[in-house]
């Protein structure tokens, strides 16, 4: 193998010495090597993000059997459907409610863990990250069983405390509450970890100085902790907004979009239309509706990350 | 609020009071922390005890559902392992995850080395592209990918998943590795160059050992996301011999109208066990990977 390539190289070199020398110089250039090392990455991003994106636009302009172009027909059709507008409203409601509660719970928990004895912090942190580690499709199965209409263990607890019997997954309001609750349960640990890491990085001297100046606990929170955390809070919320907005696993497993499509998000609705009902172009059109919203959030994240990078 | 003591109070009193306050605050912290931990852990706890209950107990409405009242049984687990397609799902998941992790790590280590240390035409654009593709959620592009995988005749095969999975791991791994590699002092490279190292030797003998924590964090990330992936297998694969754990457990262990809750919970727990066990042993790397995604760069 080695010898045959050597011979081949020799032959090309003798046939066209100037070209061979040029090629050798080209191959030995740092930038060429650097580009070659990035080649697999470029292929993956090109083949699995860039190409599918344009292909998706193309698909969304076709008719159901993908035989001819219908222009914006799929989009116009969606605009006329009340289900689609419900999906839009539910996606926005779901995202904002879930991100808000995840941020609040993550913030409170991070402070609580930061407050307790140093020795125990590792264990508390370890335990509170468990929801984030279990694959969400599988942990949602557990929630599904907790919400079972007949055997619901949550209802058993509520009734034992004199509360009502809640129709968790069969009534719109409760089904929406349920999917949001599960998303909060799954996502809060991420906020917790980000905030805790940021809290640990605030120098203790700032608090000592504030104490000497007579700042109360609330004032220390408002004028020391929050300004120091502002950046990480912003970036974590932006990240989480994208992930929550594009949620699929939880809704798919817990309600499948029901009752009467009221818990569908863009992702599950696109799956329902494109894969299950076999209308691929319509599904692609639904998924593409996420793009402008995602692009806005991606823009802000990129700006924040750049700012952080230039400051450090 | 409570620390605002009137200036007339004596120093000793102030200290005593604030120490009392602090102890009270500590107890309150433990109490509320306990409540949150209960909130975080009760679903997996309930799954665990359900998986040990007999079918008879699960289907009876009497008694406290939060404890095991009757006999503890392992039937659901043995049934799962010997009478269902679960072991096949497990094998498929291991193959798909192993291939994805291997591909992702090779691709992202090479690219991150190049992007962190060498310049070429368009390298900053590519770094931004990597970050943006990390922000692209899988629900945006799964339909065209479905068509592409179908066009390659890889639908309903786990090799189709191996083809698509790298996109969920590679951008993030590359991104955090660029951060780790950039933090290595340039003096190390220069010393190695003077000693006659080429780029491959430099990568293998300096960058990989020095940035090992970052590489472990990236590997754990790649493992976790490919193990947990649900949308792609649900959309691309449907036959029992090709399914992976997540989609297989959700779609096939639910049989008809009678849900086999014990078996379903046992399946979900066994399927979730590898990432949870890995996390228990490598928690610090896991957290390092999580936090460096947004902070490095």
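The values are calculated or read from the model by the stated rules, or taken from the named source; none is laboratory data. Only a predicted model underlies this, so the values are computations on that prediction, with no experimental measurement involved. Ideal geometry is used to build each Cβ from the backbone, glycine not excepted, and the neighbour counts take in all protein chains shown.
Considering (1) in a helix (DSSP H, G or I); (2) over 25 Å from the mean Cα position of the chain (by Cα); (3) touching a residue at least 12 places away in the same chain (Cβ under 8 Å), the lone condition that residue A:66 does not fulfil carries the number (1). Could you tell me whether residue A:156 is outside any loop (DSSP other than H, G, I, E, B), at the interface with chain B (Cβ under 9 Å from one of its Cβ atoms), modelled with pLDDT under 90 and more than 30 Å from residue B:24 (Cα to Cα)? Taking the combined requirement at face value, the residue satisfies it. Taking (1) farther than 19 Å from residue A:135 by Cα; (2) more than 10 Å from chain A (Cβ to nearest Cβ) in turn, residue B:98 satisfies each apart from (1). Within the bounds of segment B:61-79, is there any residue that is under 20 Å from the mean Cα position of the chain (by Cα) and under 27 Å from residue B:161 (Cβ atoms)? Looking through segment B:61-79, none of the residues is under 20 Å from the mean Cα position of the chain (by Cα) and under 27 Å from residue B:161 (Cβ atoms). Could you please find all residues in segment B:117-167 being more than 10 Å from chain A (Cβ to nearest Cβ), in a helix (DSSP H, G or I) and in contact (Cβ under 8 Å) with a residue 24 or more places away in the chain? Those that are more than 10 Å from chain A (Cβ to nearest Cβ), in a helix (DSSP H, G or I) and in contact (Cβ under 8 Å) with a residue 24 or more places away in the chain: B:149, B:158, B:160, B:161, B:162.
So, residue B:208, is that one farther than 30 Å from residue A:293 by Cβ, in the same structural domain as residue B:239 (by TED's automatic domain parsing) and surrounded by fewer than 17 Cβ atoms within 10 Å (Cβ to Cβ) or not? It is true that residue B:208 is farther than 30 Å from residue A:293 by Cβ, in the same structural domain as residue B:239 (by TED's automatic domain parsing) and surrounded by fewer than 17 Cβ atoms within 10 Å (Cβ to Cβ). The residues on offer are A:156, A:144, and the sole one that is surrounded by 18 or more Cβ atoms within 10 Å (Cβ to Cβ) and either farther than 20 Å from residue A:262 by Cα or in the same structural domain as residue A:248 (by TED's automatic domain parsing) (or both) is A:144. Scanning segment B:182-196 for residues that are within 14 Å of chain A (Cβ to nearest Cβ) and out of contact with any helix residue (DSSP H, G or I) (no Cβ under 6 Å at 6 or more places or on another chain) yields B:183, B:189, B:193. Looking at (1) within 12 Å of another protein chain (Cβ to nearest Cβ); (2) buried (at least 22 other Cβ atoms within 10 Å of the Cβ), which is the one condition that is false for residue B:179? Result: residue B:179 passes all but (2). Only one entry in B:98, B:146 is closer than 20 Å to residue B:245 by Cβ, assigned by TED's automatic domain parsing to the domain that holds residue B:217 and at pLDDT 90 or above, namely B:98.
The single condition from (1) more than 9 Å from chain B (Cβ to nearest Cβ); (2) on the phi < 0 side of the Ramachandran plot that residue A:137 fails is (1).
Return the residues of segment B:51-72 that are more than 27 Å from residue A:125 (Cβ to Cβ) and not in a loop (DSSP other than H, G, I, E, B); say none if nothing qualifies. If the condition is that a residue be more than 27 Å from residue A:125 (Cβ to Cβ) and not in a loop (DSSP other than H, G, I, E, B), then B:52, B:55, B:56, B:57, B:58, B:59 are the ones that fit.
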